[in-house]
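Heads up: the structure comes next, in C-alpha cells.
The values are calculated or read from the model by the stated rules, or taken from the named source; none is laboratory data. Every value quoted in this text rests on a predicted model; they were computed, and no experiment measured them. Glycine gets a Cβ as well: all are built from the backbone with ideal geometry, and neighbour counts include every protein chain shown.
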C-alpha cells in the first residue's frame, strides 16, 4: 500500500504568493493597534505555509503566538470585568 504525506505542495509561484501575503498580513497585524486581530484568510495561509514551507515555521509560529496571546488577554479581561460586575 502506498501512503502519501498529504496533498501535493502548491506550485512555486503559488507558494511565493502565499509567502508574500503572509508577510504582508503579519506585518500589518504587528504594526496595528489591533495586535493579533484574527484574519481567517491569513490564518489559513499561515497553516498552509506551516505544512509546505519549513523555512517559514518560526515566523508562522510567532504569528500564532501573537494571536493566542491576544485571545488569552481578551479572555482574562472579560473574566475580570465579569467578576467585578458580580461583586458589585
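At-a-glance table
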quantity: Any hit, the range 70-79, residues being surrounded by fewer than 17 Cβ atoms within 10 Å (Cβ to Cβ) and either touching a strand residue (DSSP E or B) at 6+ places or on another chain (Cβ under 9 Å) or not in a helix (DSSP H, G or I) (or both); calculated: no
quantity: Unmet criterion (only one of (1) surrounded by 12 or more Cβ atoms within 10 Å (Cβ to Cβ); (2) touching a residue at least 12 places away in the same chain (Cβ under 8 Å)) for residue 17; calculated: (2)
quantity: Residue 60 being at pLDDT below 80, surrounded by 15 or more Cβ atoms within 10 Å (Cβ to Cβ), assigned to a helix (DSSP H, G or I) and touching a helix residue (DSSP H, G or I) at 6+ places or on another chain (Cβ under 8 Å); calculated: no
quantity: The listed residue being over 15 Å from residue 29 (Cβ atoms), assigned to a helix (DSSP H, G or I) and modelled with pLDDT under 90, out of 83, 48; calculated: 83
